Every structure is written in structure tokens, then in C-alpha cells.
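The values are calculated or read from the model by the stated rules, or taken from the named source; none is laboratory data. In this text, all values refer to a predicted model and were calculated from it rather than measured experimentally. Here the Cβ is made from the backbone with ideal geometry for all residues, glycine too, and neighbour counts use every protein chain on show.
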Amino acid sequence: MRIIIATALFFYSLFGFTKSADYDVEYGWFKELGNAKAQLVVEGKNYHIRIEANTKGVAKFLSRGRAEVYESYGIVTPSGYLPQKFTQYKKWSDKAERTTYIFDHAAKKVIKAKEKYEEDRLIDKNEEVNKYYADNDILTLYFNISDDFRTMKAGSQKAYYAVGANPKDGRVDLIIPSGAKLSEIKETFEGVRASSYVIVYINQKIFSSERGELWIAFDDKNDCERATLKDVILFGDVRGILKK
């Protein structure tokens with residue numbers, strides 16, 4: 001599911017309007033691993049970002065029909081999107097989990113509430129202070145750093161932090177590839193009309209690789225055209241393809 005979410009996060013590049021996208025996810029000879037719908041809505045000083053992802057085919061079978069919805073609510077500031085609430089909803093088989101993060105930016109803390117359901121019945125609920133504070137969630141992060149990855153020089157890298165990312169500290173690393181790595185990425189995306197490339201280390205445990213490596217190709221409009229998530233356990237390389 002991470003490739004579905006991560007590709008959608010990088011699709012957007014503009015602010016202050018409503019925009020939506022659909023795309024397919026595949027690996028190897030399998031052409032239907034999943035799909036997603038992503039939308040950004042800005043009304044006055046308020047925004048709402050929503051990404052809904054569903055598995056298909058063999059992935060649906062292996063994940064017991066897993067579906068996920070990620071949503072961020074907050075305000076638009078001169079420096080970007082500032083989240084007030086971020087939610088993650090995951091459902092598989094007859095079970096579901098909802099995690100809600102409430103931001104207190106003044107106190108620099110985040111309250112995390114988790115609910116567990118079975119057959120649509122609430123069976124457990126707990127609330128605690130999140131292990132770390134960040135002023136972004138994983139949805140707002142990629143909007144707020146879009147200017148960075150457009151202007152960073154080849155070979156440079158930068159670390160960011162977001163609620164909903166790495167559970168230890170929320171760290172996400174962004175690198176602008178160069179040299180042999182850039183050549184490898186260009187070969188992978190052969191035939192794609194890309195004007196720039198980015199590597200993101202997601203730092204999650206679902207990968208065979210140590211850090212979880214996501215390659216992204218942008219077109220000349222700075223939209224995400226293709227993405228490849230490297231070494232996902234059970235699947236190997238997973239590809240995200242924007243629907244035209």
C-alpha cells in the first residue's frame with residue numbers, strides 16, 4: 001500500500017485549488033496491484049487532503065482486501081499547509097483501525113488516539129502523546145517541500161519530519177540523484193518524458209532494502225509521471241503509473 005500513498009503524495013505541485021488524480025500500481029507481469037484516488041480541496045484559509053487506496057488482484061488476496069484512507073485537515077498559511085488533524089483508516093477482512101493525530105503547535109506536541117474495530121464494533125481505544133512532534137503530516141509534507149526538490153542541486157540531500165511517517169521519529173530523506181545512480185534511474189524510466197528525478201527514503205520496515213527507496217520521475221510541468229518503490233517484501237520493485 002505504501003507505493004499507492006507515496007506516489008499520490010508526490011503527484012501534486014500547485015497550491016490554492018481543487019485537484020484530483022487517479023493512477024494504477026503494478027509489479028512484474030501483474031498489471032493490477034492497486035489503485036488510488038487523491039484530492040486536494042482549498043476553501044478560503046482551510047484545506048482538506050484525502051487519499052483513498054485499494055488493492056486489486058493478487059495484492060487484494062494477500063492483504064485480505066486491504067483498503068486505506070489518509071486525510072489531513074488544517075489551515076493555509078503564508079509558509080504552506082499547517083495540519084490541525086491527520087487521520088489514517090485501514091480496513092482488511094472484518095477488521096479496521098483508525099488512528100487520529102491532533103496537533104498542538106503552540107505546545108509542540110501531538111495527541112495520538114487509536115481505535116480498533118472488529119465486524120464494525122469498537123473493541124479497543126487508547127490515547128497518548130505521540131513519540132515525537134512535527135509541524136507536518138505525511139500529506140502536507142510533500143506539498144510544503146515542493147519548492148525544495150525543484151531547486152536542490154544534483155547530489156544534495158535533506159531530511160524532513162512528518163507525523164504518520166517513520167513511527168520512531170517521522171524522518172523522511174530526500175535526495176537529488178547524480179552520477180551512476182541518476183543513470184540507473186533514467187534507464188529504469190526509459191521511455192518516460194521526465195525532466196527531473198528524486199529519490200525518497202521512507203524509512204519503513206516493509207522493505208527488503210534497509211531504508212525503503214522510492215524513485216520518482218517528474219514531467220516538465222513538475223507532475224509525478226512515474227514512481228518505483230524498490231524491494232518491497234513479497235513484491236520486489238513496485239511501479240506507480242499516472243492515469244492520463
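Side notes on the structure shown:
- Criterion applied to LYS186, LYS181, LYS158 was being within 23 Å of PRO78 (Cβ to Cβ) and basic (Lys, Arg), and the one residue passing it is LYS158.
- Annotation: of all residues in region 185-208 being at pLDDT 85 or above and more than 24 Å from TYR160 (Cβ to Cβ), the one that is surrounded by the most Cβ atoms within 10 Å (Cβ to Cβ) is LYS186.
- Test: residue in region 97-114 that is polar (S, T, N, Q), over 24 Å from ALA53 (Cβ atoms) and free of Cβ contacts under 8 Å to residues at least 24 places away in the same chain: no
- Only one of LYS45, LYS91, LYS85, LYS37 that is at pLDDT 55 or above and surrounded by 17 or more Cβ atoms within 10 Å (Cβ to Cβ): LYS91
- Filtered residue count, region 112-135, keeping only those that are surrounded by 14 or more Cβ atoms within 10 Å (Cβ to Cβ) and among the hydrophobic types (A, V, I, L, M, F, W, C): 2
- Any hit, region 155-167, residues being modelled with pLDDT under 90 and surrounded by fewer than 18 Cβ atoms within 10 Å (Cβ to Cβ): yes
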